[in-house]
1. Per residue of the range 43-53, in order, report the coupling 6.51 cos²θ - 1.76 cosθ + 1.60 (Karplus, θ = phi - 60°) as ³J(HN,Hα) in whole Hz, putting x for Gly and Pro.
2. Based only on Cα atoms, what mean projected area does the convex hull of the range 40-113 have, in nm²?
3. Using 0.36 nm times the number of residues separating L16 and N159, minus their current alpha carbon distance, what extension gain do you get?
4. Placing +1 at every Lys and Arg Cβ and -1 at every Asp and Glu Cβ, with all other atoms neutral, what dipole size does the chain have around its Cα centre, in debye to the nearest 20?
5. How much length, in nm to one decimal, is gained on full extension between K3 and A69, taken as 0.36 nm per residue of separation minus their Cα-Cα distance?
6. Between E45 and K27, how many nm apart are label points set 7 Å from Cα along the C-beta direction?
7. Hey, rough spin-label estimate for L135 and V110, points 7 angstrom out along Cα→Cβ, what's it come to in nanometres?
8. Scan the range 31-102 for trypsin sites (Lys or Arg not before Pro) in coil per DSSP, keeping those whose Cβ has at most 16 other Cβ atoms within 10 Å, and list them by number.
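The values are calculated or read from the model by the stated rules, or taken from the named source; none is laboratory data. These figures come from a predicted structure and were not determined experimentally. Positions of Cβ are backbone-derived with ideal geometry, glycine not excepted, and every protein chain shown enters the neighbour counts. Heads up: the accessible areas ignore ligands, DNA and RNA and are worked out on the full protein's heavy atoms, side chains in. Shrake-Rupley method; radii C 1.70, N 1.55, O 1.52, S 1.80 Å.
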Amino acid sequence: MKKPIVAIMMGSDSDLKVMGEAGAILKKFDVPYEIKVLSAHRTPEETIKYAKSAGAKGIKVIIAGAGGAAHLAGVVAAHALIPVIGVPLETEHLGGIDSLLSTVQMPSGVPVGCMAIGSSGAKNAALFALGILSLSDKKIYSGLEKYRNKLTNSVLAKNKR
Ligand code: RP5
């Protein structure tokens with residue numbers, strides 16, 4: 001089995017349905033990834049330990065999804081130098097606005113690339129990670145070209161119909 005180069009982290013297993021959509025895209029591109037349920041609040045020490053060691057063990061990009069007081073991506077970014085992409089997840093009471101603001105409003109010096117709320121954000125997080133990886137991987141680059149062409153053609157086909 002190939003060593004994972006992308007980590008998909010999530011604050012709870014209740015996030016798996018949405019964050020799994022990021023995994024499905026990475027799988028289509030044949031990019032090895034691992035999934036970790038780690039919470040900035042419920043497992044703070046384990047989260048920091050993972051964030052600190054991810055780069056050294058070969059992870060090149062971290063995708064971190066969480067909902068509510070969504071500090072996961074920010075905490076991970078505070079302890080990792082590799083790119084961290086945050087996915088704010090939808091919440092029952094505030095619709096994910098809470099997650100969005102918690103993820104996006106990082107102080108200068110510690111960036112998180114914040115995606116859209118929910119499923120679109122999870123999918124785009126995978127595509128953004130692939131974009132980063134494509135800088136040094138021609139196969140991923142041409143895969144992204146094909147993906148984008150397919151997307152364009154599917155819209156054009158709708159117009160024809
Ligand atoms: C966050 O709290 C998780 O990322 C999840 O989105 C949310 C709710 O978690 P559960 O109570 O469902 O475990 O930490």
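1. Working through the residues one at a time gives 9, x, 5, 5, 5, 5, 4, 5, 4, 5, 9 Hz.
2. 4.5
3. Contour length minus Cα-Cα distance gives 48.0 nm.
4. So the dipole magnitude of the chain works out to roughly 920 debye.
5. 20.6 nm
6. With each label placed 7 Å out from Cα toward Cβ, I get 3.4 nm.
7. Label at L135, label at V110, 2.2 nm between them.
8. Those satisfying the criteria are R42, K57.
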